[in-house]
Structure formats: structure tokens, C-alpha cells
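Chemist: Take this structure first; my questions come after.
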Amino acid sequence: METKLFLPSQNWSHIHSGDIVYVSGKLYVARDQAHKLLVSEIKEKGETPFPFEGNAVYYMGPSPTKEGMAIGSSGPTTSRRMDEFSPFLISKGLKIMIGKGPRSEKVVEAVKEYGGLYLQAFGGCGALYASRTLSSRTLLYPFLGPEAVLELEVKDFPTICIIDSRGEVFKP
Amino acid sequence: MKAEEVIIDAVIEASRKLPFDAVKALEKAYEEEEGNSKVVLKAILDNLSISKSLEIPLCQDTGMMWCWAEIGRNARVDIVKLEKLIETSLAKAFKKGLFRTSVVRDAMGERSNTGDNLPPVINYSLTSGSDITLHFLLKGFGSENCSSLTMLNPTAGREGVIEAVVDTMKRAGAKPCPPVFIGVGVGGTMDRAAVMSKEAFFKRGKETDLEREIKERINKLNIGPGGMGGKNSSLGVFVKEEPTHIAGLPVAVTVNCWAERKAEVVLLGGYDGD
């Protein structure tokens, strides 16, 4: 099945594990160190630094931007390293995640409990994703360099659904 | 052409273009797969043409630079100048080629970015002849994190070695961007086996029976392109072997993603500053 997802979104129950999903709209970029900081900031202040509800986080750290383009090479990084932070962020409303590779049992449970979604982008395909990115701006933690939190506008980002809102996991 | 320019061009080209054999293997895999696995391979092949036409790195993880300087025993060599040549050429290549600054210092503390993607990891060794060959791997860490080292019993034999490699890929699953290329170092000491597992990517000659058998066993794991299942979990295995101690059988495995980015530069006659 091929389907589309426009972000932010309030409904992704039509997406099933194994579906090819073309993502368009707004994406928030965060990886390792940004996750660590997001979690401690939310615990400290009690509020999320950007709107979580209906939005997605993309695990990525781009290479530098070539003149005339919106972003540099920008494919997904391994999701597994974010597993220790994701259940907390999901409980705070950030339900859609895009990365690569499998997730822990705890993430699968959290996705199922809160009706979330985990999509896998194609690892190593940084130039492809750059060509589908319309704009990019730094939102948080600029001192993290390539690990800063970014806000992207993307068009037809190809992904595959690995965990759907029912907690069904794609198995080859 | 100056040595520096040759290195810069070779390293930038490696970030945008895969070796001929890797592209052939990916195209063959595309023909063999179906369903989501084929979709992943289509994206990979599209990505290769996009990075070439846009002139940007094919993957945002341009890696930590791993370099192996193989110095001919009859080569002219000024080792201090050679090190300087490698480091300044790489610094320029990273800037010009829009490489990501992926290197941090204070690894277990602040992890502050070094800002220039330096330092590289450099290994030096001696060989026959009068040239210096510089081998470069742009080593991404999604795959590097899946690499392994096993100190087998000396009696574990060939089967033990095969199992150590296959187990590494079982644990890795979809994490290292399969279908992967695998370097294996067998023998030496623990550290030497690890270095050999990277030197193995620059082997010449035909695939050995052992390499084919390891590849076939990994392909039975049904990890497949992007973890989508299928016949292609590994596209190539390279084994390098050296003598070891009577009490041991070290096996090191370097896992490399499908983007097997490498470059080689030969400095004819050596390098002593010109």
C-alpha cells in the first residue's frame, strides 16, 4: 500500500505497518544530544519547547547546506539510540517518529498505548531527502552544531511504516 | 597535479560516488528483490544519481575519516610531512566537499564538536616497492556501532570465525543500513585484528570460498535492504588474515553500510614534501 501523510496531522490510523508513506509538511529534527536536552528541559519547565501534538520528530543531523539549496544531505540516523528518550516524549504528546532501524519493546508499547507512529526513512539516502526538502531553520540548541533542533518543510519524503498506531510491527 | 589536490578530489568523489563493484552489486540486488526491499534499493540507486547531479554527499554521515598509509620500503618519505599532507588535504576536502563535522572531543564528557571533522584515524605500515599508497574510508557510525571483536578459542576454527561474523550481523539487523559490506580481520593480536578488518576493504583479487560462504550465511538471515527482508543482507565480505598466538583466534568485524565509500591515492616514488 502507498499512502500520504501531511504534517501536522491528527489522524494516521489509515496507515498500516509495511505501508509506503510519503510525508509532506512540517518536521522537527532532533537526534542524540537534542533528545537528552529536550527530556531534561521538559522535566524542568513542565512544558514542551515546540508544539508536540500532531507533529513528528525526524532523527537526523545534516551535512552543510550547498548554496541555493534548503539543506545539505539529510537522511535518517539509527533510531535505536533514541529509544531511552522516546517513551517519555511520546507520553508528552510527540507521537510520530521518523528514523531508521528497529525500536525497543518499550517504544513499541508506548506507540501502541498512545496511538503513535514510527516510520523508517531510507538509510544513507541523504541526497534524496535533501532534494525533497523545501526549507530549514534552526529552532533550538544551535550550539549543538549538526545536532541542533531544526524545523523543516518537506515534500513527499519516502518512508515505510514500521510501527503503526495499533502497535503492529512490520516483520519481513 | 599536486598531491594535495589529488587527495582532495579523491576524498570528495568518494563522498558522492560509490566504487564500481558496489554499484554493480546494488544494481544486481535491485533486480533480485521485490516488494518493500525493491523500493529501498530503488531509493538507494536514485540517491546515487541525485548526489552526483547535485554535487553533495550521498549520505549526511560523511563519517570519521580512517586512513591507512602504506609506505614502500624504497619510497622517499618524510613521515612528518606525510602526516601534514594527509591532515591539511583532508581539512580542505571536508570544507570544499561540504562534509558534516561529525567528530567530537572529550568523548565521555562534554562531547564538543572539533568543528573541522578532524582528527582522522591514521595507520602507517611498510610494504614492498617505492610508492606510498593512501587508503581512505569515510566511516559512517551507524554501521561502525554494529562492528565487533571476538577472541575465539584457538580450536574454534573456520566455523567459529564464520559464526562470529554471522552473529555480529544477527545483532546488527537493520541498524547498519543493509545490505552491508563486511571487513573481517582474523589473527594477530586484538588490536591488529581490528585494524585488519578495515584494511580488508582494500583487498585485491577474487572473492575467496570463505568470503562467499560468510556472505551466503549472512544472506540467509533475511535482514534484507533497509531491514525489509529479502535475499540481499550483505553485498560483499572481505577477509584479511595474519599469524596469531597458539592460545587464540582473534576475529574482528567491521560493518560498513551499503554506501561503501572509499578512496585510494598512490604517491609515485613516495613523498618528502613535493
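Chemist: Only one residue in B:A29, B:A14, B:A69 is within 21 Å of B:N256 (Cα to Cα), more than 13 Å from chain A (Cβ to nearest Cβ), outside any helix (DSSP H, G or I) and at pLDDT 95 or above, so which one is that?
Modeler: B:A69
Chemist: So which of A:G46, A:G68, A:G93 ends up being out of contact with any Pro (no Cβ under 9 Å at 6 or more places or on another chain), away from chain B (no Cβ under 13 Å) and over 22 Å from B:K175 (Cα atoms)?
Modeler: Among A:G46, A:G68, A:G93, only A:G46 is out of contact with any Pro (no Cβ under 9 Å at 6 or more places or on another chain), away from chain B (no Cβ under 13 Å) and over 22 Å from B:K175 (Cα atoms).
Chemist: Residues to consider are B:S112, B:S125; find the one that is farther than 24 Å from B:I12 by Cα, exposed (fewer than 14 other Cβ atoms within 10 Å of the Cβ), among the small types (G, A, S) and over 21 Å from the mean Cα position of the chain (by Cα).
Modeler: Exactly one of B:S112, B:S125 is farther than 24 Å from B:I12 by Cα, exposed (fewer than 14 other Cβ atoms within 10 Å of the Cβ), among the small types (G, A, S) and over 21 Å from the mean Cα position of the chain (by Cα), namely B:S112.
Chemist: Right, here's the next one. Only residues that are touching a strand residue (DSSP E or B) at 6+ places or on another chain (Cβ under 6 Å), charged (D, E, K, R) and within 9 Å of chain A (Cβ to nearest Cβ): list them for segment B:94-141, please.
Modeler: Correct list: B:R111 only.
Chemist: Filter segment B:32-49 for residues that are surrounded by fewer than 16 Cβ atoms within 10 Å (Cβ to Cβ), over 22 Å from the mean Cα position of the chain (by Cα) and not in a loop (DSSP other than H, G, I, E, B) and give the result.
Modeler: Across segment B:32-49, the qualifying residues are B:E32, B:G35, B:K42.
Chemist: Just to be sure I understand, how many residues within segment B:138-154 are buried (at least 18 other Cβ atoms within 10 Å of the Cβ) and over 17 Å from B:A193 (Cα atoms)?
Modeler: Of the residues in segment B:138-154, 5 are buried (at least 18 other Cβ atoms within 10 Å of the Cβ) and over 17 Å from B:A193 (Cα atoms).
Chemist: Would it be correct to say that A:Y118 is in contact with a Gly (Cβ under 9 Å, 6 or more places away or on another chain), surrounded by 20 or more Cβ atoms within 10 Å (Cβ to Cβ) and part of a helix (DSSP H, G or I)?
Modeler: No, not satisfied.
Chemist: A follow-up question, please. Looking only at segment B:131-158, how many residues end up being within 19 Å of B:D191 (Cβ to Cβ) and among the charged types (D, E, K, R)?
Modeler: 2
Chemist: Among the candidates B:D106, B:D131, single out the residue that is over 30 Å from A:P142 (Cα atoms) and out of contact with any helix residue (DSSP H, G or I) (no Cβ under 9 Å at 6 or more places or on another chain).
Modeler: Result: B:D131 is the single residue among B:D106, B:D131 that is over 30 Å from A:P142 (Cα atoms) and out of contact with any helix residue (DSSP H, G or I) (no Cβ under 9 Å at 6 or more places or on another chain).
Chemist: If I go through segment B:180-229 residue by residue, how many of them are of a type outside the set (A, V, I, L, M, F, W, C), outside any strand (DSSP E or B) and crowded, with 24+ Cβ neighbours inside 10 Å?
Modeler: Count: 6.
Chemist: Which condition from (1) in contact with a Leu (Cβ under 8 Å, 6 or more places away or on another chain); (2) more than 13 Å from every other protein chain (Cβ to nearest Cβ) is the one that A:Y141 breaks?
Modeler: Looking at each condition in turn, A:Y141 falls short on (2).
The values are calculated or read from the model by the stated rules, or taken from the named source; none is laboratory data. Please read these numbers as outputs of a predicted model, since none were measured by experiment. Because the Cβ atoms are built from the backbone with ideal geometry, glycine has one as well, and the counts that use them run over all protein chains shown.
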